[in-house]
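The values are calculated or read from the model by the stated rules, or taken from the named source; none is laboratory data. Nothing here was measured: the structure is a model prediction, and the numbers come from that model. Here the Cβ positions follow ideal geometry from the backbone for every residue, glycine too, while neighbour counts run over all protein chains shown.
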Amino acid sequence: PIEGLQSEEIKLSVVAEVDESALVSKEEKENGDVYRIGIRAAVDRVSVPFVDAVIGGHRYVWFLTKLTVSGLAGIFTGSVSADNIAGPIRIIQEAGKSAERGGDSLLRFMIVLSVSLGLLNLLPVPVLDGGHLFFFIIEAVKGSPLSLKVREISNQVGIALLLALMLFAVGNDIWGTLR
């Protein structure tokens, strides 16, 4: 992002192998208040042994897990804007942008989405897998199952929370589209 320059013209000098040429860029806003000039690092494919690829994949998933947990914690503490919660409209838009950049980009997007949804599923909210695990732990500590009434009320609260989250996410998508 180019901080504090808004939509001013920016003069860039690019050093090529032999020649230097000047570029002028006036870039539009991308996603809120962030201005980008469209320069990206080149990505080289490197063949690695299978075991190294598996280890690298695990490291990447662990990195995404920490990033997702940090983002969720930031949303709950207020240090990260809740505008970052995306629903199906923005997910489809971002998937389309990733697909335009190529198959590798789309695959990375799908990995990020999969890890994020998997972690959300582990939250201790009734009706999610994390909620079931939470109840199993309570029942193990208590030594007996929870009453049907408690489970019904918990599930209703969980469904209400999920519906509220979905409405909020879709609202963010619609509001973001209208901006």
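Across region 55-84, the qualifying residues are those that are small (Gly, Ala, Ser) and loosely packed, with under 13 Cβ neighbours inside 10 Å, and the one among them that is nearest to residue 123 (Cα to Cα) is 73. For region 99-143, a residue qualifies if it is over 24 Å from the mean Cα position of the chain (by Cα) and either polar (S, T, N, Q) or assigned to a loop (DSSP other than H, G, I, E, B) (or both), and exactly one does: 143. Candidates in region 35-54 are the residues that are of a type in the set (A, V, I, L, M) and surrounded by 10 or more Cβ atoms within 10 Å (Cβ to Cβ); of these, the one that is modelled with the lowest pLDDT is 37. Does residue 80 meet the test of being more than 26 Å from residue 103 (Cα to Cα), touching a helix residue (DSSP H, G or I) at 6+ places or on another chain (Cβ under 6 Å) and either of a type outside the set (D, E, K, R) or modelled with pLDDT of 90 or more (or both)? For residue 80, the condition - more than 26 Å from residue 103 (Cα to Cα), touching a helix residue (DSSP H, G or I) at 6+ places or on another chain (Cβ under 6 Å) and either of a type outside the set (D, E, K, R) or modelled with pLDDT of 90 or more (or both) - is met.
Please go through region 41-94 and pick out each residue that is of a type in the set (Ser, Thr, Tyr) and in a helix (DSSP H, G or I). Hits for region 41-94 are 60, 65, 68, 70, 77. Whether any residue in region 105-114 is under 21 Å from residue 173 (Cβ atoms), among the polar types (S, T, N, Q), touching a residue at least 40 places away in the same chain (Cβ under 8 Å) and not assigned by TED's automatic domain parsing to the domain that holds residue 165 is what I want to check. No: zero hits.
For region 145-178, which positions are of a type in the set (Asp, Glu) and surrounded by 14 or more Cβ atoms within 10 Å (Cβ to Cβ)?
Of everything in region 145-178, just one residue is of a type in the set (Asp, Glu) and surrounded by 14 or more Cβ atoms within 10 Å (Cβ to Cβ), namely 173.
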